[in-house]
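Just so it is clear, none of the values below were taken in a lab; they were calculated from the coordinates. Note that the coordinates shown come from a computational prediction; the quantities given were computed from them, not determined experimentally. A quick note on method: Cβ atoms are made from the backbone with ideal geometry, for glycine too, and the neighbour counts reach across all protein chains shown.
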Amino acid sequence: MELSEIRKRIDSADEALLSAFLERMELAKEAAEYKAANSLPVLNKTREREIMAGVLEKSGELAPYSHRLYTTLFELSHSYQEGLSSAPSRVREKVDASLTGADELFPAYGTVAVQGVEGAYSQMAADHIFPRGSLIFFKTFEAVFNAVESGLCEYGVLPIENSSNGSVRAVYDLIRRKNVSIIRSKRLCIRHSLLVKPGTKLSDIKEIHSHEQALGQCSVFLKSLGDGVKLVTDENTAMASALVASSERNDIAAIASSECAKLYGLEALPVNVQNSDNNYTRFIVISREPKVYPGANRISVILALDHRPGALYEVLAKLAALEINLLKLESCPLVGHDFEFLFFFEIEASVRDERVIKMLEELERSSQEFTYLGNYQED
């Protein structure tokens, strides 16, 4: 058979497939209406298993492909049937609330919670984002979340990811557990220095203090110092600087910003400490109330998916179908569940697009756990 004839037959088969698919979806609609009228659940796994068993029995060596096809058909049917429901979804309610007053410009002022002390990178990020803001410092990340959640502060600024050392998992865990929304993010170029008391030499140093992320971003330099230098993790780079400045010892140092040297009367030794000059940290702004400001083009969500083959693929397929760019995907273990994971997604999209809201509703309905974190702009 000539290729042209094969293609004609493929076209004919495709037309038959499309016709059968449209008929199947219309019947799924009728089934959904019947189920709603008779208070029956949309999902019927017993019937799906019966259908799948018959399909696989007839498919022979193509059974794996038939399994994927019918798994997708079932997923599309569920999504379509659940989308016919008139009940408002939680994510739509949150999105609608966030769009109230959506033409307002992002504020330049407000009470802002940051972790650490003066000179911390979070303080620098907060000053960029809120040039007329009133900053309040807290010792821990959780205290920042609590200040925002309780209404003590209007906003919180927190590091969430570094280009050299990965995600700040403690912040990801807190943002999942706390009732806050992301309303902005900022990329800040990080320049670490090795800070010491005036007169201290590199050869004198026996102990170096900093935040664990900063230590990780300077791992190559720190390894070159050998085992004779002790590394100590502190809550914050600026707090490490304050500790060195107040200590009576002359053999300790801190890894922090050069700004901390000015603030705490320290000197920056002329050594290159960080692994990469292209070192950026992303900071997020959280608020108690969801809010979408002009220019918002990133959406963050957290999903817990079924522990089965293809579960993550189905989410990615939904994004691909809408030509939505996936900016970040990260997994972390789901506490209390063996070998099950939460997934953190960042996508390039806007909730002003009705198709995007419907996609989010589908994800909410099909996921074990779904958290919409916000739609925001990154500077």
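Odds and ends about this structure:
- Fewest-first ordering of 21, 137 by other beta carbons within 10 Å of each residue's beta carbon gives 21, 137.
- Helix 141-150 axis, angle to the chain major axis (alpha carbon atoms, nearest 10°): 70
- Principal-axis tilt of helix 63-83 within the chain, Cα atoms, nearest 10 degrees: 80
- Rounded tilt (10° steps) of 237-246 against the dominant C-alpha axis of the chain: 20
- Local charge for residue 8 was computed over the other residues whose Cβ lies under 15 Å away, with Lys and Arg +1 and Asp and Glu -1, and equals -3.
- Cα centroid separation - segment 206-273 against segment 1-24, whole Å: 68
- Relative exposure of 379, 234, judged by other C-beta atoms within 10 Å (fewest first): 379, 234
- Cα gyration tensor shape of segment 193-268, rounded if a/c is under 1.5, else prolate or oblate by comparing a/b with b/c: oblate
- Shape of segment 1-87, Cα gyration tensor, a/c cut at 1.5: oblate
- Value of relative contact order over segment 1-91, rounded to a whole percent, pairs C-alpha under 8 Å and six or more apart: 32
- For segment 113-129 versus segment 276-323, the gap between their alpha-carbon centres in whole angstrom: 24
- Segment 296-379: proportion of alpha-carbon pairs further apart than 19 angstrom, %: 33
- Per-residue ellipticity at 222 nm computed for the chain from its helices equals -13500 deg cm²/dmol, with DSSP H segments shorter than 4 residues left out and the rest contributing -39,500 (n - 2.57).
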